[in-house]
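The values are calculated or read from the model by the stated rules, or taken from the named source; none is laboratory data. Treat the numbers as computed from the prediction; the structure is a model and nothing was measured. Please note: Cβ atoms are built from the backbone with ideal geometry, for glycine as well, and neighbour counts cover all protein chains shown. Accessible surface areas use protein heavy atoms only, side chains included; no ligands, DNA or RNA. Shrake-Rupley method; radii C 1.70, N 1.55, O 1.52, S 1.80 Å.
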Amino acid sequence: MILSAFVAIAPEHKLRVIAPDVGGGFGSKIFVYAEETTTIWAAKRVGRPIKWTADRSEAFLTDAHGRDHATHAEMAFDADGHILGFRVSTKANMGAYLSTFASAVPTYLYATLLNGQYKMPCIYAEVMAGFTNTTPVDAYRGAGRPEATYVVERMMERAARDMNMDPTELRMKNFISPDAYPYETPVIMTYDSGDYPLTMNTAKKMIDYDGFQARKAESASRGKLRGIGSAAYIEACGIAPSAAVGSLGAGVGLWESAEVRFNPTGSVTVFTGSHSHGQGHETTFAQLIADKLGVPFDQVEVVHGDTTKVPFGMGTYGSRSLAVGGSAIVKAADKIVEKAKKIAAHLMEASADDIEHSHGVFSIAGTDKQMTIGEIAFAAYVPHNYPEDLEPGLAENAFYDPLNFTFPAGTHIAEVEIDPDTGIVDIVDWAAADDFGNIINPMIVEGQVHGGVAQGIGQALLEGVVYDDTSGQLLTGSYMDYCMPRADDLPSFKVEATNTPCPSNPLGVKGCGEAGAIAAPAALMNAITDALGKEIDMPATPEKVWQAAQSA
Amino acid sequence: MYSFEYERPKGISEAVGAVGEDDKFLAGGQSFLPTLKLRLAQVDKLVDLGSIAELKGITVSGNEVSIGAMTTHATVASSADVKSSIPALAHLAAHIGDAQVRNRGTIGGSIANNDPAADYPSALVALGATVHTNNRTIAAEDFFVDLFETALEEGELITKVTFPIAEKAGYAKFPNPASRFALVGVFVAKTASGVRVAVTGAGPSVFRQGDMEAALDSNFSPDAVKGIKTDASGLNSDIHASAEYRAHLISVMASRAVAAAS
Ligand SMILES: Cc1cc2nc3c(=O)[nH]c(=O)nc-3n(C[C@H](O)[C@H](O)[C@H](O)COP(=O)(O)OP(=O)(O)OC[C@H]3O[C@@H](n4cnc5c(N)ncnc54)[C@H](O)[C@@H]3O)c2cc1C
């Protein structure tokens, strides 16, 4: 923990952190908060346990807020609509104090993604971070990447309108082609794999893009304004190769670690540094082991969230848990297989080189002699007949440092109907076509997309921190005034996957936790722009939309 | 929350007798308990009305619906009697807050509180209801005085509200997106003595919209009120809606209330 390693309140090995179910995170729980440090300091000072709980009002005031940019952007095209260059100047609010990742978010996680899914010969980005008197601003679901996607995709929409082109056609014309990977952008990143035309075409089909004009006419007959808007987003996840972040000034490495421990009876306990707070690691990580080692799913237990039990971890954020934490588990499982082969060879009187492994079954090549991983685990803990030079037991740990970022990408298309009398935006349809690389658990992935889109819709339509102009008081200090998206604010989502496996990690996975929150604000605001025929800023509150509809 | 005494009497007179100068009645607690928790209010004693059977229930007799002060929003919303006699009132109750709030919150607590964004005040004023207390009756229009202010004397207990059954009534609410209270709510009632239009959420307290009443008296149709503007001066303005937007929404909601009236 940054706390003990660098602030020296207590030596690292004397500090135990237990984080059971903490009710979601979305970024806000990554950071070191002053209250946590103070509590530990005070407990040491008085020599007694101290309990501290923040109530909701305090959380509104002191939990880091997300995204506060003012951006000026210019994009140049040739006469055929090919992008020639992109120039972005952003002022980013840091709040009154610098939080853990604050300055990294609008720089390394933002400017590096301004290339979007396109061939952009040159990009110029200038970011000025400033202190203000607001609550600190730091990473929140998507961190930096929603901001980048928002700028790129609203520019594309605007450009298409100005050039009288269909916005999806303009995008299609500029997409990086599926055979161009690895693709190096002008802003550091090397994209791993993708098929952007396919994701866009899939999304268009899902929402019946071609039938939109008829639906618009039908809405108009009822006095409603209908609009459709898309966002082709990209993000950099699987954070991150330690050498890369080190060269950018990070004070830590961004690997993950895991231990896979067979118990004598053949069940498995997986210890992971990737904490699970709603992302379903317990399920996905158990599936990795069940799939690879042939252990029944319910015989796998995933342990996380207690520093005396688990190995080190760098955190669950940046959609990195499966790509980085999952890869560490796979590496540990690989070591298990190697050792199990030696034990199997000894027990079946063969050479380890002749042992083949598939889903927990170890067989001598070309024969019908085989053993299961359960039998081997038992032999490892009751080593009555065992290789002389081998340690007993069957438990391995591994650290994994990623080779590259991963690049989930996709297209979301939103369709809205606006009531010009009230300014209410009704989201009537939503199509999400995402490329997350390989998928381990489709239901969890779909849930992550739903949650992400819900938060992105929240940002575009409902949420917004407001301070009093003169006193600086937080006016949105409770849920009576700060509007969280609720189920009845949302449509049913259509979700599909078009996956190109990620070449840079053993699982071929890219990450899915933030995608929805990255795609949704731009897609929704583009749909609103289409309906109104003019641009407004987020959040598109009923009054703002009504004002715009009056003069539309 | 500061500490306080707690009493739960069984009858109206005990309740009235139990409540002293720095004490308060407790109904559903949906408004008052949060106020106590945030230390925005302090009491010596809470007199809980929850055990007083006579304060609960709905009866219909002749041309009148009577609702006990401790009747919850959920009870009003699902009452077959209310649904058949004044459907708009059941509709209004069904759209207060969320299910938890409706299961605890009461009509007496809501009107005693007189939150400017509460729904019930518009129904009481439009329908020409009467508020009954332990010692008198008060016409709805005299009951709601100003922002969080009513005609109740200190220690006076609301026992029930009686609503004359209207020929037709409708309610349309534009909810505050965050709290779901009424940003603007308009209750329209066609009564024996003419059409009454009451607006909540838009001003410091519920008020009648006379121009709309006159227009509807001669033509009870949605289009009759659509073009009638309300003066924005004096209306509420906050981070959710400006006074001008609220003024505009009054016309839209009034027109929708007329369309919904049955
Ligand atoms: C999340 C949330 C959403 C809400 N949304 C809405 C909404 O959309 N629309 C809406 O109208 N309201 C809404 N409310 C308010 C809700 O309707 C409350 O129930 C109501 O305002 C207060 O009723 P109560 O029974 O809870 O009263 P309490 O909170 O118990 O009491 C409120 C006040 O009334 C006094 N009082 C109570 N009963 C009597 C009585 N019989 N005689 C004299 N004084 C009395 C109390 O002393 C206290 O001062 C919401 C509340 C919450 C928490």
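Here are the numbers:
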| item | result |
| --- | --- |
| Estimated inter-spin distance, residue A:14 and residue A:184, nm [label 7 Å along Cα→Cβ] | 5.0 |
| Distance violations [Cα-Cα > 24 Å] among B:83/B:168; A:51/B:37; A:544/B:226; A:544/B:173; A:544/B:229; B:37/B:83 | B:37/B:83 |
| For residue B:64, distant residues with modelled amide H under 5 Å away | B:165 |
| Among B:81, B:98, B:238, residue whose mean-square fluctuation peaks in a GNM of chain B (springs only between Cα atoms under 10 Å) | B:238 |
| The stretch B:90-105 versus the stretch A:300-378: alpha-carbon centroid distance in Å | 56 |
| Tally of Lys pairs whose C-alpha atoms are under 18 Å apart, taken over the stretch A:248-371, 8 or more apart or cross-chain | 10 |
| Residues whose placed amide H lies under 5 Å from that of residue A:129, excluding near-sequence neighbours | A:92 |
| Fraction of accessible area attributable to carbon and sulfur, chain A (%, probe 1.4 Å) | 54 |
| Cα long-axis angle, helix A:281-293 against chain A (0 to 90 degrees, to the nearest 10) | 50 |
| Dipole of chain A, positive direction: furthest Cα of A:493, A:19, A:418, with charges on the beta-carbon | A:19 |
| Between B and A, accessible area buried - total, square angstrom, nearest 100, 1.4 angstrom probe | 1500 |
| Taking N as its residue count, the alpha carbon Rg of the stretch B:1-52 over 2.2 N^0.38 Å | 1.08 |
| Alpha-carbon centroid distance for the pair the stretch A:436-452 / the stretch B:190-262, whole angstrom | 47 |
| Amide H contacts under 5 Å for residue A:495, placed H, 5+ residues apart | A:432 |
| Segment residue A:98-residue A:312, extension gain: residue separation times 0.36 nm, minus the distance between their alpha carbons | 74.5 nm |
| The stretch A:379-509 - accessible surface per residue (Å², probe 1.4 Å) | 42 |
| Heavy-atom accessible area per residue - the stretch A:2-60, 1.4 Å, Å² | 72 |
| For chain A, size of Cβ-based charge dipole, Lys and Arg +1, Asp and Glu -1, in debye | 880 |
| Under the span-like rule (Cα at least 20 Å along the axis, Kyte-Doolittle mean at least -1.0), DSSP H helices of chain B | B:243-260 |
| Qualifying trypsin sites (Lys or Arg not before Pro) in the stretch A:1-102, DSSP loop, other Cβ atoms within 10 Å at most 16 | A:16, A:51 |
| Relative intensity, log₁₀ I(q)/I(0), of chain B from a Debye sum that treats every alpha carbon as a point, q = 0.07, 0.10, 0.12, 0.13 Å⁻¹ | -0.23, -0.47, -0.68, -0.79 |
| Calculated FRET value between residue A:250 and residue A:52, using beta carbons and R₀ = 30 Å, to 0.05 | 0.55 |
| Environment charge at residue A:465 (Cβ cut-off 12 Å; Lys +1, Arg +1, Asp -1, Glu -1) | -4 |
| Estimated FRET transfer efficiency when R0 is 41 angstrom, pair residue A:173-residue A:537 (beta carbons, to 0.05) | 0.90 |
| Helix A:327-347 vs. chain A, principal-axis angle (Cα, 0 to 90°, nearest 10) | 20 |
| Lys, Arg +1 and Asp, Glu -1 on Cβ, resulting dipole of the stretch A:443-552 about Cα centre, debye, nearest 20 | 360 |
| Principal semi-axes in Å for chain A [√(5λ), Cα gyration tensor, largest first] | 45, 30, 21 |
| Inter-label distance, nm, simple model (7 Å from Cα along the C-beta direction), residue A:359/residue A:70 | 6.0 |
| Helix-only [θ]222 nm of chain B, DSSP H runs n ≥ 4, -39500 (n - 2.57) each, per residue, nearest 500 | -9000 deg cm²/dmol |
| Qualifying GluC sites (Glu not before Pro) for the stretch B:95-198 [loop in DSSP, other Cβ within 10 Å: at most 13] | B:153, B:154, B:167 |
| Residue A:222-residue B:21 pseudo-label distance in nm [points 7 Å out on the Cα-to-Cβ vector] | 6.1 |
| FRET efficiency estimate (nearest 0.05) - Cβ-Cβ, residue A:484 to residue A:389, R0 60 angstrom | 0.50 |
| Computed lengthening from residue A:210 to residue A:59, 0.36 nm per intervening residue step minus Cα-Cα distance | 49.8 nm |
| Folded to 0 to 90 degrees: helix A:212-221 orientation relative to chain A principal axis, Cα | 50 |
| Apportionment of accessible area to carbon and sulfur, the stretch B:1-52, percent (1.4 Å) | 47 |
| The stretch A:250-266 - phi-based ³J(HN,Hα) in whole Hz, Karplus 6.51/-1.76/1.60, Gly and Pro as x | 5, x, 9, x, 10, 7, 9, 9, 7, 10, 10, 10, 6, 8, x, 7, x |
| Cleavage-rule hits, GluC sites (Glu not before Pro), the stretch B:1-100, DSSP coil, Cβ neighbours within 10 Å at most 11 | B:21 |
| Sites excluded, GluC sites (Glu not before Pro) in DSSP loops with at most 16 other C-beta within 10 Å, longest stretch of chain A | A:1-348 |
| Cα centroid separation, the stretch A:55-112 to the stretch A:249-270 (Å) | 34 |
| Threshold 40 Å², the stretch B:235-262 residues less accessible with all protein chains present than alone (1.4 Å probe) | B:239, B:240, B:245, B:248, B:256 |
| Residues along the stretch A:528-552 losing 20 Å² or more of accessible surface when the other protein chains are present rather than the chain by itself (probe 1.4 Å) | A:542, A:543, A:546 |
| The stretch A:253-400: relative contact order as a whole-number percent, Cα under 8 Å and 6+ apart | 32 |
